[in-house]
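Asker: Sharing a structure below in structure tokens format, with a few things to ask.
The values are calculated or read from the model by the stated rules, or taken from the named source; none is laboratory data. Model, not experiment: these values are computed from the prediction. We place every Cβ from the backbone using ideal geometry, glycine too, and count neighbours over all the protein chains shown.
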Amino acid sequence: MHSPCIREASEACWNGCCPTPFLSLPVPQSSASKSPGSTASCRHQFTVATASSIYPNIQFTNHESIPSLHESYSNFTKAYPPYSQTDQADHIRAKEYYHLSLSNHVCLDYIGHGLFSYTQLQSQRPKTSISPSSSSLPTSLDSEALELPFFDISHKSVNFNSQILYGGQESDLESRIRKRVMGFLNISEADYSMVFTANQSSAFKLLADSYPFQSNRNLVTVYDYESEALGTMIGSSKKRGARVMTAEFSWPHLRIQSGKLRKMIVSKRKKKKRGLFVFPLQSRMTGARYSYLWMSIAQENGWHVCLDACALGPKDMDTLGLSLFQPDFLICSFYKVFGENPSGFGCLFVKKSSASVFKDSTIATSIGIVSLVPAMRPSQFPEESATPDIETKQTSDFESQKDDLAVPISLSGSVPLQEMSDTITELHETEEVDVKKKGPLSLEIVELDEPIEFSQSKITETSVNGSSQIECRGLDHADSLGLVLISSRARYLINWLVNALMRLQHPHLEHGLPLVRIYGPKIRFDRGTSVAFNVFDWKGEKVDPTLVQKLADRSNISLSYGFLHHIWFSDKYEEESERILEKRTTEVEEMVRIKNRDKDHSGISVVTAALGFLTNFEDTYRLWAFVSRFLDADFVEKERWRYMAINQKTVEV
């Protein structure tokens, strides 16, 4: 895994003097205090700038009193002058993803990497009726365009071990997409083999089903949230005799309990076969980031390391850390079009020097491996068999749509792209994506029986050195922006959002009661681009996260919800834990408060928002303005009553 962007990564900072947060390597205190350009100085400057990005020392107690969008944007750009240098992302959004403005849709539920752009999708239609430069824009988006994919997936029966060691038959389409994906992730074909999977959960299960837990018995995971994909892996591993251990996270900042994790992975017998260490570089819910050094410690103590890269942003794989600490396995996921088509595929990468670990696998056929086949247009279906064929295509197309949902059931009309449960069955249920209504323009700048030959596919190709390659314009856009621009832009937006949410406070209270509680890191230079939070009413009672998500969807804002767990409370916070922790019930959507904690099932249900490289300031402002409405007690009570009256124990979708 070679990094051509080491110099770029080292420059990804505030005022160009701090190392990229993805390195997460400790800086000696002596060097941190020697010069004003040190890491500590830069991060202090950033914190001060964030505090002044709205109005210093002001708490907002009424949703009508918050600054306007234009006023907030003015303060924001004064606090973060370098943000104006990221306007290339706004140009790309206006030209290639203009449907976000047409539909007035704020997408804060997509996790993964988008392959294609909306404009590219439109260009594949027989007639292009929408153009970002059209003088007369349509009142609604064409649903036919939203259903037109660039490829389908088809499950295939192959042996995973043979596929990794010797390769398999690969179509021209698969070869080109595989090379483009590996190039985007900065993964060398000389070092790693790759297989396509139906989704992230399939990739985790495939690894669990093939890994030799009989001889390498242990499985250690580092997740501060409930992950359906990880749950699939744990379930399969336990059936095969694995001993499962999980890291814990200290309240209230949800940092890794380092001492406990070190005891799990450090062995006095260096050559002892330990097992599988599954590690994400950051939490996809709280935005907490973890050090690369954990991978190094695990490798030095005989563990095979699986890096869950699904929560990493575009170009994050270009950082120096991944060049130094090459994981044995890596899992990632891709979707088709941001904001519209969440179907896609997962990827499981295996380091070639580690592939021999699967040599004793007794599984004849590995479930979850898929082939990519060119999508068939409606006009290509034989007229006499149109109906059954279309149904088959739609089922195949949506098999991977649930890849990255945070919860098993979506409460919004659009699909939140965090982990979706597919533990019950390999085939996912079909769920359609809402086509959002037209709204104002943004403030800122603006399984098929027979495979079809690739020549029939209308996927855009470009010529490079005389050979054609697939144009994955979504990946191209991230490449053109680069690590520095993407990471700095996201840093400004996520910290402004966290600061803004913490400024909301219920009125007429003696000591003041915050409207929002944020879990994990708050204002931090090196936090991730997702945030987990809850809204509380004026009595201090938590508003059901599912209700918050549903109401956000009515405002055309797509959020997700999840469940934080494995939280460790010191004696100082023991009483607080009894008020905070909840327990899962048989109904996945429902949580109840408990006094006696159950470490395996207790946690905190939360609302989550994830920012991407196409997120702009207006998106974050609209989320803040929406949350501020909960300062109105009448609004909360009315909506809570309506929600309970209509939904009772079910969730309207």
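Asker: Has the stretch 515-522 got any residue that is more than 30 Å from Ser123 (Cα to Cα), outside any loop (DSSP other than H, G, I, E, B), within 19 Å of the chain's Cα centre (by Cα) and modelled with pLDDT of 90 or more?
Answerer: So far as the stretch 515-522 goes, yes, one or more of its residues are more than 30 Å from Ser123 (Cα to Cα), outside any loop (DSSP other than H, G, I, E, B), within 19 Å of the chain's Cα centre (by Cα) and modelled with pLDDT of 90 or more.
Asker: Could you figure out which of (1) on the phi > 0 side of the Ramachandran plot; (2) modelled with pLDDT under 85 isn't true of His601?
Answerer: With respect to (1) on the phi > 0 side of the Ramachandran plot; (2) modelled with pLDDT under 85, His601 is out only on (1).
Asker: Could you check, for the stretch 585-597, whether at least one of its residues is modelled with pLDDT of 80 or more, out of contact with any helix residue (DSSP H, G or I) (no Cβ under 6 Å at 6 or more places or on another chain) and acidic (Asp, Glu)?
Answerer: From the stretch 585-597, those modelled with pLDDT of 80 or more are none; that's our starting set.
Scanning the stretch 585-597, I find no residue that is modelled with pLDDT of 80 or more, out of contact with any helix residue (DSSP H, G or I) (no Cβ under 6 Å at 6 or more places or on another chain) and acidic (Asp, Glu), so the answer is no.
Asker: Quick check, is Ser356 among the small types (Gly, Ala, Ser) and either modelled with pLDDT under 90 or more than 30 Å from the chain's Cα centre (by Cα) (or both)? Quick ask: steps written out before the conclusion?
Answerer: Numbers: among the small types (Gly, Ala, Ser): yes; either modelled with pLDDT under 90 or more than 30 Å from the chain's Cα centre (by Cα) (or both): yes.
It is true that Ser356 is among the small types (Gly, Ala, Ser) and either modelled with pLDDT under 90 or more than 30 Å from the chain's Cα centre (by Cα) (or both).
Asker: In addition: Quick check on the stretch 65-102: of everything there that is part of a helix (DSSP H, G or I) and among the hydrophobic types (A, V, I, L, M, F, W, C), which residue is farthest from Ala51 (Cα to Cα)?
Answerer: Here is the first cut: in the stretch 65-102, the residues part of a helix (DSSP H, G or I) are 65, 69-79, 81-96, 99-102.
Those still in the list that are among the hydrophobic types (A, V, I, L, M, F, W, C) too: 69, 76, 79, 89, 92, 94, 100, 102.
Working: Leu69: 18, Phe76: 10, Ala79: 9, Ala89: 25, Ile92: 30, Ala94: 30, Leu100: 30, Leu102: 33 Å.
Applying the filter and picking the extreme gives Leu102.
Asker: Within the stretch 327-343, is even one residue touching a Gly at 6+ places or on another chain (Cβ under 7 Å) and either farther than 28 Å from Thr608 by Cα or among the small types (Gly, Ala, Ser) (or both)?
Answerer: Looking through the stretch 327-343, at least one residue is touching a Gly at 6+ places or on another chain (Cβ under 7 Å) and either farther than 28 Å from Thr608 by Cα or among the small types (Gly, Ala, Ser) (or both).
Asker: For the stretch 248-342, which fully contained helices (runs of 4 or more DSSP H) count at least 2 residues that are at pLDDT below 90 and surrounded by fewer than 24 Cβ atoms within 10 Å (Cβ to Cβ)? Quick ask: steps written out before the conclusion?
Answerer: Numbers: elements: 258-265, 293-300, 320-324.
Qualifying helices (runs of 4 or more DSSP H): 320-324.
Asker: Within the stretch 608-624, can you find the residues that are more than 14 Å from the chain's Cα centre (by Cα) and either assigned to a loop (DSSP other than H, G, I, E, B) or of a type outside the set (D, E, K, R) (or both)?
Answerer: Step one: list which residues in the stretch 608-624 are more than 14 Å from the chain's Cα centre (by Cα), which gives 616-624.
Asn616, Phe617, Thr620, Tyr621, Leu623, Trp624 - these are the residues of the stretch 608-624 that are more than 14 Å from the chain's Cα centre (by Cα) and either assigned to a loop (DSSP other than H, G, I, E, B) or of a type outside the set (D, E, K, R) (or both).
Asker: If you scan the stretch 162-216, which residues turn out to be in a helix (DSSP H, G or I) and among the polar types (S, T, N, Q)?
Answerer: Step one: of the stretch 162-216, the residues in a helix (DSSP H, G or I) are 162-166, 172-184, 200-210.
If the condition is that a residue be in a helix (DSSP H, G or I) and among the polar types (S, T, N, Q), then Ser162, Gln163, Ser175, Gln200, Ser201, Ser202, Ser210 are the ones that fit.
Asker: Could you grab me the full set of residues in the stretch 194-226 that are crowded, with 24+ Cβ neighbours inside 10 Å, charged (D, E, K, R) and within 28 Å of Ser250 (Cβ to Cβ)?
Answerer: Asp224
Asker: Here's a follow-up. Can you tell me which residue is modelled with the highest pLDDT among those in the stretch 233-247 that are more than 23 Å from the chain's Cα centre (by Cα) and in a loop (DSSP other than H, G, I, E, B)?
Answerer: Restricting attention to the stretch 233-247, the residues satisfying the condition of being more than 23 Å from the chain's Cα centre (by Cα) are 236-245.
Subset that is in a loop (DSSP other than H, G, I, E, B): 240-242.
Details: Arg240: 92, Gly241: 92, Ala242: 95.
Selected residue: Ala242.
Asker: Kindly indicate the residue of the stretch 523-533 that is closer than 26 Å to Glu64 by Cβ and at pLDDT 95 or above and also surrounded by the most Cβ atoms within 10 Å (Cβ to Cβ) among those meeting that condition.
Answerer: Let us first name the residues in the stretch 523-533 that are closer than 26 Å to Glu64 by Cβ, namely 523, 531, 533.
Filter once more, keeping what is at pLDDT 95 or above: 531, 533.
Details: Val531: 28, Phe533: 23.
Among residues in the stretch 523-533 that are closer than 26 Å to Glu64 by Cβ and at pLDDT 95 or above, the one surrounded by the most Cβ atoms within 10 Å (Cβ to Cβ) is Val531.
Asker: Pick from the stretch 542-573 the residues that are in a strand (DSSP E or B) and polar (S, T, N, Q): which of them is farthest from Trp624 (Cα to Cα)?
Answerer: Keep residues of the stretch 542-573 that are in a strand (DSSP E or B), which gives 542, 557-558, 560-565, 567-568.
Right, trim to polar (S, T, N, Q) and you get 558, 560.
Values: Ser558: 13, Ser560: 15 Å.
Here the answer is Ser560.
Asker: Being closer than 30 Å to Val548 by Cα and modelled with pLDDT of 95 or more, is that true of even one residue in the stretch 139-147?
Answerer: No, there is no match, as no residue in the stretch 139-147 is closer than 30 Å to Val548 by Cα and modelled with pLDDT of 95 or more.
Asker: Please find, within the stretch 175-209, the residue that is nearest to Phe349 (Cα to Cα) out of those that are charged (D, E, K, R) and under 24 Å from the mean Cα position of the chain (by Cα).
Answerer: Here is the first cut: in the stretch 175-209, the residues charged (D, E, K, R) are 176, 178-180, 189, 191, 205, 209.
Imposing the further condition that a residue be under 24 Å from the mean Cα position of the chain (by Cα) reduces the set to 178-180, 205.
Numbers: Arg178: 11, Lys179: 13, Arg180: 14, Lys205: 14 Å.
If we take residues in the stretch 175-209 being charged (D, E, K, R) and under 24 Å from the mean Cα position of the chain (by Cα), then Arg178 is nearest to Phe349 (Cα to Cα).
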